[in-house]
Amino acid sequence: MIDAARKAARGLARDFGEVTELQVSKKGAGDFVTNADLKAEQTLFEILSKARPGYSFLGEERGMVEGTDKTHTWIVDPLDGTTNFMHAIPHFAVNIALQREGEVVAGVTYNPITHDLFWVEKGKGAFLGAEKRLRVAARKHLDESVLATGVPFVGKPGHGQFLKELHQVSQKVAGVRRFGAASLDLAWVAAGRFDAYWERNLKPWDVAAGVLMVQESGGKVSTIEEHGDPVQGASILASNPELHPQVLKALHAAG
Ligand code: IPD
Ligand code: CA
Ligand code: CA
C-alpha cells in the first residue's frame, strides 16, 4: 500500500508543479476530475491489483471493480483535496484503505508535497513515517480545542445545517479550521494536531483509512447521529474520548 501510494504521489507531485497547465473536466458542480487524478488512480489500481490479484477495488473514479476474492476490498481516493490541488494549495493526499470481511484493517494517507506518510494497521497502531506512533490529543475542554470540519460547497447538500452546527460549535472552542482534505483531517486528529473533526456527506474513500487511524491512536469515531457506520461517510465525528460527547452535544444543539 505504501509503495502504491508513493508511486501515485510522485505523479501527482509532478502534475502539481504544472497545475495551471492541467486539462480539467467538470464532474458535477464543484467536483473536479483532473488528468492527474485519473492517472493516480490507474497507478494505484495497477500496483494494488498486481500485489494482491483478486481483491476487489472501490475507487472514487472507477467505482466498484469486483474481484474473485469477495472478502478483500481496496478503498481508494487517488486525490483527496482536489480543490486544493487545483488551486496550487499543497494540502491533499493519496488515500488507501484495505477492508477485510467488511472491516477496515489497514490504511495509508500520504501527502505528496510534505511527504507526511500516515499509516495504520488494525491492532498494531497508527504511525507517521517509519516510527512516530500517533496518539490523539489529550485536551479535555472544548474552550482549548481546535476542531476541523468541512464546509459544503456548490452542489453539495447541507449548507443550512452546517451553518447551525458552526454557530453552536464556534462559540465553545478555541478555533475551527477548514483545510480541505478529509483524509488529512482524520490523520491530523490521530496525530493530535486537531482535537476533533466533524463533517457530513463524505464517502468511504474519504474516511476509511482515517477512521482506523483515529481508533488506533486512542480516539473515538462515530456518526453524528451515534448510529450507523462512520466509514460510510454520511456523517462523522472523530476526537479523543473525553471531547467526543462534548462535541456531540454542541452538534445536537444545532438540531
Ligand atoms: C473532498 C475533500 C474535502 C471534503 C469534501 C470531499 P475530494 O474530497 O475531502 O475536504 O470536504 O467533501 O469530497 O473531492 O477532494 O476527493
Ligand atoms: Ca475525497
Ligand atoms: Ca478525490
* **Sites Thr83 and Ala253 - FRET efficiency at Förster radius 35 Å, r taken between beta-carbons, to 0.05** => 0.75
* Structure fact -> Lys and Arg at +1, Asp and Glu at -1: neighbours of Lys50 with Cβ under 13 Å from its Cβ sum to 0
* To do: Project the alpha carbons of the chain onto their principal axes and report the range along each, largest first, in whole Å.
  => 47, 40, 31
* What residues of segment 48-78 lie in the reach of a label at Ala234, counting those whose backbone N is under 11 Å from a point 7 Å from the Cα along Cα→Cβ? -> none
* Structure fact -> Sorted largest first, the C-alpha extents of segment 2-133 along its principal axes in whole angstrom are 41, 35, 25
* Quick one: pull the percent of accessible area on the chain belonging to carbon and sulfur, 1.4 Å probe, ligands and nucleic acids left out. => 52 percent
* Quick one: angle between helix 204-216 and the longest Cα principal axis of the chain, in degrees between 0 and 90, rounded to 10, please. => 60 degrees
* Using just the helices of the chain, give the 222 nm mean residue ellipticity in deg cm²/dmol: DSSP H runs with n ≥ 4 each add -39,500 (n - 2.57), and the total is spread over all residues, rounded to 500. => -10000 deg cm²/dmol
* Choose one answer from Gly107, Gly180, Gly210: the residue with the largest mean-square fluctuation in a GNM of the chain with alpha-carbon springs under 10 Å. => Gly180
* Net charge near Thr73: determine it from the other residues with C-beta under 10 Å of the C-beta of Thr73, scoring Lys and Arg +1 and Asp and Glu -1. => -1
* Cα long-axis angle, helix 35-51 against the chain (0 to 90 degrees, to the nearest 10) -> 70 degrees
* How large is the accessible surface per residue of the chain, computed with a 1.4 Å probe and reported in Å² as a whole number? -> 45 Å²
* Extension gain from Glu131 to Gln171, taking 0.36 nm per residue of separation minus the Cα-Cα distance -> 10.7 nm
* Asked: So, counting K/R as plus one and D/E as minus one, what does the shell of residues with Cβ under 12 Å around Glu226 add up to?
  -> 0
* Asked: So what's the angle, to the nearest 10 degrees on a 0 to 90 scale, between helix 243-253 and the longest Cα principal axis of the chain?
  -> 80 degrees
* To do: Filter the chymotrypsin sites (Phe, Trp or Tyr not before Pro) in segment 114-193 to those in DSSP coil with at most 12 other Cβ atoms within 10 Å of their Cβ, and list the result.
  => Phe153
* In a GNM of the chain with a 10 Å cut-off on Cα contacts, which of Leu128, Leu212, Leu237 has the highest mean-square fluctuation? -> Leu128
* Asked: Of Asp37, Asp116, Asp80, which has the largest mean-square fluctuation in a 10 Å C-alpha GNM of the chain?
  -> Asp116
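The values are calculated or read from the model by the stated rules, or taken from the named source; none is laboratory data. Quick caveat, the model's predicted, so the values are computed rather than measured. Ideal geometry is used to build each Cβ from the backbone, glycine not excepted, and the neighbour counts take in all protein chains shown. What goes into the accessible areas is simple: the full protein's heavy atoms, side chains included, and nothing from ligands, DNA or RNA. Shrake-Rupley method; radii C 1.70, N 1.55, O 1.52, S 1.80 Å.
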